[in-house]
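Peer 1: Encoded as structure tokens, here's the structure I'll be asking about.
The values are calculated or read from the model by the stated rules, or taken from the named source; none is laboratory data. What you are looking at is a predicted structure, and each value in this text was computed from that prediction instead of being measured. Reconstructed Cβ throughout: ideal geometry from the backbone, glycine too, with neighbour counts over all protein chains shown. These area figures cover heavy atoms from the full protein model, side chains too; ligands, DNA and RNA do not enter into them. Shrake-Rupley method; radii C 1.70, N 1.55, O 1.52, S 1.80 Å.
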Amino acid sequence: MKPTRDVHVAEPGLFVVDLAAADDDTAFAMQNVIARRWATAPAEHVTRQPGEQGVRLRCYLDLRQETRCS
């Protein structure tokens, strides 16, 4: 994964979330759980490392902006 840039965590409440999961569906399911609660810049794809099991996904989260679930 690319390094985290200072702008991604420049203020309190901003997070970079790196998820590791067994498969794409699990990674996107967890991202959706996070996005239902807080403002999230979602990832559109997962990454794989050759020779390693599973996938990784990075999304950006703002705890200052809660979303309302119905």
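Peer 1: In square angstrom, rounded to the nearest 10, how much accessible surface does THR67 have for a 1.4 Å probe?
Peer 2: We get 50 Å² for THR67.
Peer 1: For every other residue with a beta carbon closer than 10 angstrom to the beta carbon of ARG56, add +1 if it is Lys or Arg and -1 if Asp or Glu, then tell me the sum. It would help to have the intermediate numbers written out before the result.
Peer 2: On the way: positive: ARG48, ARG58; negative: ASP18, GLU52.
It works out to a net charge of 0.
Peer 1: Using 17 Å as the cut-off for backbone N distance, which residues of the range 39-62 belong to the label zone defined by a point 7 Å from the Cα of MET30 along Cα→Cβ?
Peer 2: What the label zone holds, given the 17 Å backbone N cut-off, is 40-49, 52-62.
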